[in-house]
1. Tell me the residue from 311, 258, 283 that is surrounded by 15 or more Cβ atoms within 10 Å (Cβ to Cβ), at negative phi and of a type in the set (Asp, Glu), please.
2. Kindly indicate which of 103, 124 is free of Cβ contacts under 8 Å to residues at least 12 places away in the same chain and in a helix (DSSP H, G or I).
3. Of the conditions (1) in contact with an Asp or Glu (Cβ under 9 Å, 6 or more places away or on another chain); (2) of a type in the set (S, T, N, Q); (3) surrounded by fewer than 17 Cβ atoms within 10 Å (Cβ to Cβ), residue 226 fails just one. Which one is it?
4. Just name the residue that is nearest to residue 140 (Cα to Cα) out of those in segment 180-214 that are in a loop (DSSP other than H, G, I, E, B) and open to solvent by less than 40 Å² (accessible area, probe 1.4 Å).
5. The conditions are (1) under 30 Å from residue 38 (Cα atoms); (2) open to solvent by 10 Å² or more (accessible area, probe 1.4 Å); (3) over 13 Å from the mean Cα position of the chain (by Cα), and residue 77 fails exactly one of them. Which is it?
6. Just give me the residues in segment 127-167 being open to solvent by less than 50 Å² (accessible area, probe 1.4 Å) and in a helix (DSSP H, G or I), in sequence order.
7. What's the total number of residues in segment 52-72 that are open to solvent by 10 Å² or more (accessible area, probe 1.4 Å) and under 23 Å from the mean Cα position of the chain (by Cα)?
8. Report yes if some residue within segment 293-306 is of a type outside the set (S, T, N, Q) and part of a strand (DSSP E or B); otherwise report no.
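The values are calculated or read from the model by the stated rules, or taken from the named source; none is laboratory data. It should be emphasised that the depicted structure is a prediction, and the values quoted were computed from it without experimental measurement. With ideal geometry, Cβ positions are generated from the backbone for all residues, glycine too; neighbour counts draw on all protein chains shown. These accessible areas exclude ligands, DNA and RNA; they are computed on the full protein's heavy atoms, side chains included. Shrake-Rupley method; radii C 1.70, N 1.55, O 1.52, S 1.80 Å.
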Amino acid sequence: MPELLVICPITDVMRARLGQAFSFEERAQLSDEDAWLKAHGADVRFVLTDGALGISADLLGRLPNVEILSSYGVGYDGVDVAACTARNIPVCHTPGVLNEEVATTAMMLYLACWRNFEAEVAHARSSAWESGPLPHARTADGRTVGILGLGRIGKTIAAKLAPWRPRILYHGRRKQDVAFTYFDNLTDMAAACDTLICVAPGDASTRHLINAEVIEAIGPLGFLVNVGRGSTVDEAALIAALKSGKIAGAGLDVFEDEPRIPADLRALPNVVLTPHIGSATVETRRAMGDLAIDNLVAWKEGRPLPTPIPESLPLL
C-alpha cells in the first residue's frame, strides 16, 4: 500500500531514493485521483510537496492518517499550515541549501538590468550593430541597494554584492545586528535606493507589499529585482510603471500566476524575465531533494526532524 503521496514534480535521483525508503505514488501519475484517494487516502502517512503546489485543507482532509509533510523548497506558502497544525502534522522545508544559488540568480538579474544585457545580446545577434551601437548602459558599481527580506538568502545576496561596492539598506519585520541601514518603512527605503531586491516570502502579510507607491518610489532611474515570490509584487502596478517610465526596469524570476506571465509584461523591453530558476541547478536541486527526503526518513525512523518550519516547532 502507498504510504507516501508525492504531490510535486521530482527528479529521477529523488525517485530512486524514495523507492528505497517508501512505497509511494506520484499525484501526476494518477489517472483517477478521486478514486485513488477513496481507495488509498487512509494509507498515506507521508506527503512530499513543494512551496507552490503545497497542500490544500481539502486534500489534507482526504488523507486522514498523514503524520508529516515535507516541502521540496524553502518556501511553503502553498501549504495550508493552519490545517496541518490543527491536526498536529509538522511541516518541513529545505532552508540553507539554496541560499547561494538564489543569490546568484538575483545577481544575474541585477547585472542584466543595469547593463541592459538582453538588448545588447539581441543587438549582437542581429545585424543591428552594423548600423551603430545602442545607447550606453549604466554601471552596476557603487549603487544603493535595498533588500526586502534580510534572511539567509538576503544576507547571501548582500555578500555577493560586495565586489560592486554597494551601500546596502534593508527592510523587514525587525532590525538586525548587521552593518547595513535599516528602514522600518518600505516606501522610504525604495525612495532611498537605486535597486530594490525582493527576497520576501509569499503569504497574506506580504501580498502586494510592493505596490504602486513603492514601485514609483524606486523612481525612473531605478530597478526592481524579485527572486522571492510573485505575489509580493502588484504585477498590474509594475506593468503600468514600466510602460510609463516611472521605473527604469525590472528583473523578475517569479510571477503572480506562474507559469503564466502576462503578455504585457513579456512584451516590455525594459524587463528581464526568467522562469523561476532561482535554485534550478543540478547541484542545488540535488541538495534540496536530499533534505526534503531526509525529513521524511527521520520521521519514519523516529529521529528529530532536520528542518521543521518555525510554526511546527511547538508540535515537536
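1. Working: 258 fails: surrounded by 15 or more Cβ atoms within 10 Å (Cβ to Cβ); 283 fails: surrounded by 15 or more Cβ atoms within 10 Å (Cβ to Cβ).
None of the others qualify; the one that does is 311.
2. None of the others qualify; the one that does is 124.
3. Among (1) in contact with an Asp or Glu (Cβ under 9 Å, 6 or more places away or on another chain); (2) of a type in the set (S, T, N, Q); (3) surrounded by fewer than 17 Cβ atoms within 10 Å (Cβ to Cβ), residue 226 violates only (3).
4. Within segment 180-214, the subset in a loop (DSSP other than H, G, I, E, B) is 180, 183-185, 193-194, 199-209, 211.
Applying the additional criterion that residues be open to solvent by less than 40 Å² (accessible area, probe 1.4 Å) yields 193, 199-200, 202, 206.
Details: 193: 13, 199: 19, 200: 23, 202: 28, 206: 28 Å.
Per the criteria, the residue is 193.
5. Among (1) under 30 Å from residue 38 (Cα atoms); (2) open to solvent by 10 Å² or more (accessible area, probe 1.4 Å); (3) over 13 Å from the mean Cα position of the chain (by Cα), the lone unmet condition for residue 77 is (3).
6. Those that are open to solvent by less than 50 Å² (accessible area, probe 1.4 Å) and in a helix (DSSP H, G or I): 128, 153, 154, 156, 157, 158, 161.
7. Qualifying residue count for the region: 5.
8. Quick first cut of segment 293-306, residues of a type outside the set (S, T, N, Q) only: 293-294, 296-306.
With the extra rule that they be part of a strand (DSSP E or B), the set shrinks to none.
No, segment 293-306 contains no residue that is of a type outside the set (S, T, N, Q) and part of a strand (DSSP E or B).
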